[in-house]
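Data first, discussion second: the structure below is written as structure tokens.
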Amino acid sequence: MSQILVIGSANADHVMKFEYLPAAGQTLMSRDYRLEQGGKGANQAVACARLAKPGTRTDFICHLGQDSIGDDMRQSWIKDGISTEGISQIAEQSTGTAMIFIGDNGENTIGVAAGANATLSPDDLENHYALFSRAQFLLIQLETPAATVAKALQMAKTFGVTTVLNPAPATALGHDVLKWVDVITPNETEAEALTGVEINHLDDAQMAAQLLHQQGVGIVVITLGSRGAYISSPGFTGLVPALEVQAIDTVAAGDTFNGALVVGLSEGMSIAAAVGFANAASAITVTRQGAQRAIPYRQELSY
């Protein structure tokens, strides 16, 4: 049985839409409001659980608040088949929250309160040795403390787990972190933050990938939006094109891609085939509004 461990954030996304974004001191009436379950870690765990074949176990280590939003998230993840062994609700903490204002021109402003996400410490990971010991793949992002990310990657390698780092949101990482990464999946902005190389053409992606290899990363997958994903690996190097669809909401596209990629690799797909699978899954996500509710199930893909 394949076993995937996801570590990361969980947020309640409060989304409001306006004709234009309010200026300082201005109050506007929103024309639309919705509450979404989000957070990169949670989105990716949901993608893994929904896209994997029966028999695959998805564990998720995260911190929620002791509040009704945290209760609702936990129950929804159980319905998706995510194991709750690694999920903790922290006393006197609120579940992570994002306030998202979107204008008709597509511009947005976002404020985030990390809440319980910020309390996930390296020491907390020590309580989850069992999850690390039985995992085959670790998927992690950068919405929890940097020291926790580094500790998780190091622990995973100790147990021989294949590590997949989605370096989002964009930030610089030290060499001591990247040496524990088997697969890294930056987008153009994140690749530039890691390497200093601005990604405009495939030659730029190749240069950035080589710099990441030099820091110890085995496989580099740079996502290029509607163009697809550039792979640099021992088995395959080149572009895997994206599927052409009419996108209406790209919020969880990257998280769907990462979850699907890990699922594909856990099933023994080649890196090129796993990226193709991930492209297909994220193509469905962008045709739907929302975050976790937009992520497809395996039966919706022709795999």
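The values are calculated or read from the model by the stated rules, or taken from the named source; none is laboratory data. Keep in mind the model is a prediction, meaning the values are calculated, not measured. Counting neighbours? That spans all protein chains shown, and the Cβs are built from the backbone with ideal geometry, glycine included. All accessible areas refer to the heavy atoms of the entire protein, side chains included, with ligands and DNA or RNA removed. Shrake-Rupley method; radii C 1.70, N 1.55, O 1.52, S 1.80 Å.
So, by mean Cβ neighbours within 10 angstrom, what's the order for 153-162, 137-146, 214-223 with the highest one leading? Don't skip to the answer; put the middle values down first.
Values: 153-162: 18.3, 137-146: 23.6, 214-223: 20.8.
Sorting 153-162, 137-146, 214-223 by mean packing, highest first, produces 137-146, 214-223, 153-162.
In nm, what is the difference between 0.36 nm times the number of residues separating residue 301 and residue 72 and their Cα-Cα distance? Before the final figure, lay out the partial values.
Details: separation 229, 0.36 × 229 = 82.44 nm, distance 2.76 nm.
Gain on extension, residue 301 to residue 72, equals 79.7 nm.
Given a Förster radius of 30 Å and the C-beta distance between residue 28 and residue 175 as r, what FRET efficiency does 1/(1 + (r/R0)^6) yield to the nearest 0.05?
Approximately 0.05, to the nearest 0.05.
Tell me, what ³J(HN,Hα) does each residue in segment 25-31 have, in order and in whole Hz, if you take phi through Karplus 6.51 cos²θ - 1.76 cosθ + 1.60 with θ = phi - 60° and put x for Gly and Pro?
x, 9, 10, 10, 8, 6, 8
For the chain, give the percent of accessible area contributed by carbon and sulfur heavy atoms, probe 1.4 Å, rounded to a whole number.
Numbers: 6500 of 12880 Å².
Summing carbon and sulfur atoms, their accessible area is 51 percent of the total for the chain.
Counting only helical runs of four or more DSSP H residues, what would the 222 nm mean residue ellipticity of the chain come to if each run contributes -39,500 (n - 2.57) and the total is spread over all its residues? Show your work: numbers first, answer last.
Values: 10 runs with 101 residues, N = 303.
The helix contribution divided over the chain gives -10000 deg cm²/dmol.
Would you grab the residues whose amide H sits under 5 Å from the one on residue 142? Only those 5+ places off in sequence or on another chain, please, with H modelled 1.01 Å from N.
Result for residue 142 returns 168.
Report, by chain and number, residues whose modeled amide H sits under 5 Å from the one on residue 61, excluding near sequence neighbours (fewer than 5 apart, same chain).
When sequence neighbours closer than 5 places are left aside, the close amide H contacts are 6, 7, 8.
Between 256, 189, 109, where does the largest GNM mean-square fluctuation fall for the chain, given springs only between Cα atoms within less than 10 Å?
Result for the chain, Cα springs under 10 Å: 109 fluctuates most.
If I stretch the segment between residue 17 and residue 287 completely, what's the gain in nm (0.36 nm per residue apart, minus their alpha carbon distance), one decimal? Can you show the working numbers first?
Values: separation 270, 0.36 × 270 = 97.20 nm, distance 1.85 nm.
Once the chain is fully extended between residue 17 and residue 287, it gains 95.4 nm.
Just to be sure I understand: with springs between alpha-carbon atoms less than 10 Å apart, which residue in 227, 134, 31 has the highest mean-square fluctuation in the Gaussian network model of the chain?
Among 227, 134, 31, the largest mean-square fluctuation in the Gaussian network model of the chain belongs to 31.
Quick check on packing: order 180-186, 228-234 by the mean number of other C-beta atoms within 10 Å, highest mean leading.
Working: 180-186: 24.1, 228-234: 19.7.
Sorting 180-186, 228-234 by mean packing, highest first, produces 180-186, 228-234.
Considering the dipole of the chain built from charges on the beta carbon (Lys and Arg +1, Asp and Glu -1) around the Cα centre, which of 254, 133, 18 is farthest to its positive end?
Value: 133.
Which number do you get for Rg(Cα) / (2.2 N^0.38 Å) in the chain?
Here the answer is 0.96, to two decimals.
Just to confirm my numbers, what's the Cα centroid distance between segment 255-303 and segment 1-67 in Å?
Segment 255-303 and segment 1-67 have Cα centres separated by 17 Å.
How large is ³J(HN,Hα) for each residue in segment 62-77, as worked out from phi by the Karplus curve 6.51 cos²θ - 1.76 cosθ + 1.60 (θ = phi - 60°), to whole Hz, x for Gly and Pro?
Result, rounded to whole Hz: 7, 10, 10, x, 8, 8, 5, 5, x, 4, 5, 4, 4, 5, 5, 5.
With a 10 Å cut-off between alpha carbons and a GNM built on the chain, which of 37, 206, 75 moves the most?
Highest fluctuation among the options: 75.
Give me the dipole magnitude in Debye, nearest 20, for segment 106-189 about the Cα centre, with unit charges on the beta carbon: positive for Lys and Arg, negative for Asp and Glu. Write out the running numbers ahead of the final one.
Details: 4 positive and 8 negative charges, 58 e Å.
It comes to approximately 280 debye.
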